[in-house]
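**Student:** The structure that follows is given in the form of structure tokens.
The values are calculated or read from the model by the stated rules, or taken from the named source; none is laboratory data. For clarity, every value in this text was computed on a predicted model and none was experimentally measured. Backbone-built Cβ (ideal geometry, glycine too); neighbour counts: all protein chains shown.
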Amino acid sequence: MKGIDTSSYPQVRVSVVTSEQTASIPSLSEDGHGVPLVANSPVMSFLYHHPAPEYRGHMNKEGELNAANGQWHQTNGTYPFSYGLGLVIISIGILIALHPLLPQVAAVGSFLLILMACTTLSFLVTTPEAWVPALGDATHGFPFLSGVGRLIIKDTIMLGAAVVTVADSARSYLRRTKASTRAQTD
């Protein structure tokens, strides 16, 4: 790619890996705030045992510990899903971090991040809590994002960075392969 300054790509990659690792922390929490995203998704709701609207009465406030809500989340399968998601996020970050050694593996990690970002962005369409509710103010609904919506929309940055890192990793792998092939024929 002539004309494009790629000197900042290592910083982009570090930012993506750091963001992925940081993103895994909320998925390991026990407040249940990720439940609306999965419960309302037509593609992912099967991962939980209780129907979508039921979660609303079992969400803890940030920092609150409510044993009854915790028990509901246990029976719902919230925690195993959160732990699994955290592991997936950490694994994707590790794959991307392997770029200097195995750029082809980093390309796979970046591609998985693209899929994950697209999945997360789909929650803007399927999750009612992504938009400011109608509580009397005239500014509600689309295009006014709630806290959950703002959490979701940050994945547009991850999507863009993943596209950059998948292209950079693929290019690095192809260069190595081409150099290796050229060395073998000489």
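**Student:** Any idea how many residues of the stretch 173-186 are at pLDDT below 85 and under 22 Å from residue 93 (Cβ atoms)?
**Tutor:** Final tally of qualifying residues: 0.
**Student:** Pairs under 6 Å by beta carbon, first residue at negative phi in the stretch 158-182, partner modelled with pLDDT under 90, six or more apart or different chains?
**Tutor:** Every condition considered, the pairs that remain are 161/12; 161/16; 164/12; 165/13; 165/16; 168/9.
**Student:** Of the numbered conditions (1) at pLDDT 85 or above; (2) within 27 Å of residue 162 (Cβ to Cβ), residue 51 satisfies every one except a single condition; which is it?
**Tutor:** Of (1) at pLDDT 85 or above; (2) within 27 Å of residue 162 (Cβ to Cβ), only one is false for residue 51: (2).
**Student:** Within the stretch 88-95, is there a residue that is surrounded by fewer than 18 Cβ atoms within 10 Å (Cβ to Cβ) and not in a helix (DSSP H, G or I)?
**Tutor:** Checked the stretch 88-95: no residue is surrounded by fewer than 18 Cβ atoms within 10 Å (Cβ to Cβ) and not in a helix (DSSP H, G or I).
**Student:** Let me ask something additional. Scan the stretch 45-62 residue by residue and report those that are touching a residue at least 24 places away in the same chain (Cβ under 8 Å) and in a loop (DSSP other than H, G, I, E, B). Before you say what the answer is, go through the steps one by one.
**Tutor:** Step one: of the stretch 45-62, the residues touching a residue at least 24 places away in the same chain (Cβ under 8 Å) are 47-50, 58-62.
Result: 48, 49, 50, 59, 60, 61, 62.
**Student:** Tell me which residues, restricted to the stretch 64-84, are farther than 15 Å from residue 36 by Cα and either touching an Asp or Glu at 6+ places or on another chain (Cβ under 9 Å) or of a type in the set (A, V, I, L, M) (or both).
**Tutor:** Residues satisfying the conditions are 64, 65, 67, 68, 70.
**Student:** What residue, of 170, 106, 68, is part of a helix (DSSP H, G or I), modelled with pLDDT of 90 or more and crowded, with 18+ Cβ neighbours inside 10 Å?
**Tutor:** 106
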